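Values quoted throughout were computed directly from the atomic coordinates according to the rules given, and no laboratory measurement underlies them. Please read these numbers as outputs of a predicted model, since none were measured by experiment. Here Cβ is always computed from backbone atoms with ideal geometry, including for glycine, and neighbour counts include all displayed protein chains.
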Amino acid sequence: MSYVYLAIAIVAELIGTSLLKASEGFTKLLPTAGVILFFICAFFFMSLSLKTIPLNIAYAIWSGLGTVATVIISILIWKEKVTVGSIIGISLIVIGVVVLNMFGPGQSEASDNSEYQVNQP
């Protein structure tokens, strides 16, 4: 369930970021309200995911997927251009997320994350 919470957090952050662009420097009321709402939602669900997912893993997934999805959104919705340099940089971020998830610190905790779970009655 924690990875579902993390996915919800990522989607909310992506919507909030897109609305941040649409708010035009917080000069448009509805997009600005959406930014606040979706970022609150993003951080709430991120905090729920951190009950069982180690922070370094959760944040690597959050930032990696968020970066790639934001680039795709910026190209498709906002018609922004990407350069070879940005494609290389984004690729390195994705590679880093994969490496961190496979071999990085926290892998021993990911398989035994009892210390991250909250005791419930």
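A few points about this structure:
- Kirkwood Rh and Cα Rg combined as Rg over Rh, evaluated for the chain: 1.04
- 3J(HN,Hα) along the range 65-71: 5, x, 5, 5, 5, 5, 5 Hz, from the Karplus curve 6.51 cos²θ - 1.76 cosθ + 1.60 with θ = phi - 60°, whole Hz, x for Gly and Pro.
- For the range 96-101, 3J(HN,Hα) computed residue by residue from phi via the Karplus equation (6.51, -1.76, 1.60; θ = phi - 60°) reads x, 5, 4, 4, 4, 5 Hz, glycine and proline entered as x.
- Charged side chains reduced to their Cβ positions (Lys and Arg at +1, Asp and Glu at -1) give the range 2-113 a dipole of some 320 debye around its Cα centre.
- Selected from L50, L29, L100 as most flexible by GNM, with the chain as the system and alpha-carbon contacts under 10 Å: L29
- Think of the range 2-113 as a dipole: +1 on every Lys or Arg Cβ, -1 on every Asp or Glu Cβ, centred on the Cα centre; then among P31, I61, G85, P31 lies furthest on the positive end.
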